[in-house]
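Just below is one structure, and these are the notes that go with it.
The values are calculated or read from the model by the stated rules, or taken from the named source; none is laboratory data. Note that the structure is predicted; figures quoted are calculated from it, not measured. With ideal geometry, Cβ positions are generated from the backbone for all residues, glycine too; neighbour counts draw on all protein chains shown.
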Amino acid sequence: MENKLNTKDLISIGIFTALYFVVVMIVAFVGYVPILMVIMPALCALFGAIPFMLFLTRTKKFGMVTIMGVLLALLTFLMGRPWPCLPIGIAAGLLADLYLKGTGYNSVKKSTFGCGIFSLWLLGMALPLFFGYHDAYLQSLRSGYGDAYVETLTRLTPDWMFWVLAVTIFVGGLLGGLVGTKILKKHFVKAGMA
């Protein structure tokens, strides 16, 4: 098997990155309800895992998952998230790619775990709710969402919640990977992964 990425691989990366991003953005609308804003990244991981698992049926070369992570990190940054979303997204893509390369890109169970790792890129999306970004971000929401929304979100997002969110995102990615394998079973069989 050739290890160099070709045009077909790059097209697959582009298509699946766009599909994944659209799914995540649709799910992100639940964040309009403050209490759901806290679980929204885990829900994005859960639903985003389905197109990601389909992407993995076409991924047989190192770099494809990393490039997807880079593209998602760039989109996140261009949407106005702080610069640390870039290394978070790139690291999640690279770590998932390294893990999947070690599995030979041919195990459904191991792909599910790789999906959990990859899903951690979503921490970059949630970053404005925590640490030094918290106050400025919440103030920017005040005019559009109102005081009650901002006050509720403030109570729900102390800095330690970032680490809880990391765990829930990982678990959401794992569960989504399991759901994705059930839904896409015939694709895994066709790809020789089942």
* Selection count, region 12-59, where residues are outside any helix (DSSP H, G or I) and touching a residue at least 60 places away in the same chain (Cβ under 8 Å) -> 2
* To do: Within region 149-158, identify whether any single residue is surrounded by fewer than 17 Cβ atoms within 10 Å (Cβ to Cβ), over 21 Å from residue 32 (Cα atoms), without any contact (Cβ under 8 Å) to a residue 60 or more places away in the chain and basic (Lys, Arg), and answer yes or no.
  => no
* Regarding residue 72, is this residue in a helix (DSSP H, G or I) and crowded, with 18+ Cβ neighbours inside 10 Å? -> yes
* Taking residue 162, is it at pLDDT 85 or above, among the hydrophobic types (A, V, I, L, M, F, W, C) and buried (at least 17 other Cβ atoms within 10 Å of the Cβ)? -> no
* Asked: Would you call residue 179 closer than 17 Å to residue 112 by Cβ, surrounded by fewer than 12 Cβ atoms within 10 Å (Cβ to Cβ) and either under 20 Å from the mean Cα position of the chain (by Cα) or free of Cβ contacts under 8 Å to residues at least 40 places away in the same chain (or both)?
  -> no
* Asked: If you scan region 1-11, which residues turn out to be farther than 12 Å from residue 71 by Cβ and assigned to a helix (DSSP H, G or I)?
  -> 7, 8, 9, 11
* Filtering region 90-130 down to residues that are free of Cβ contacts under 8 Å to residues at least 60 places away in the same chain and touching a Pro at 6+ places or on another chain (Cβ under 9 Å), which residue is farthest from residue 151 (Cα to Cα)? -> 124
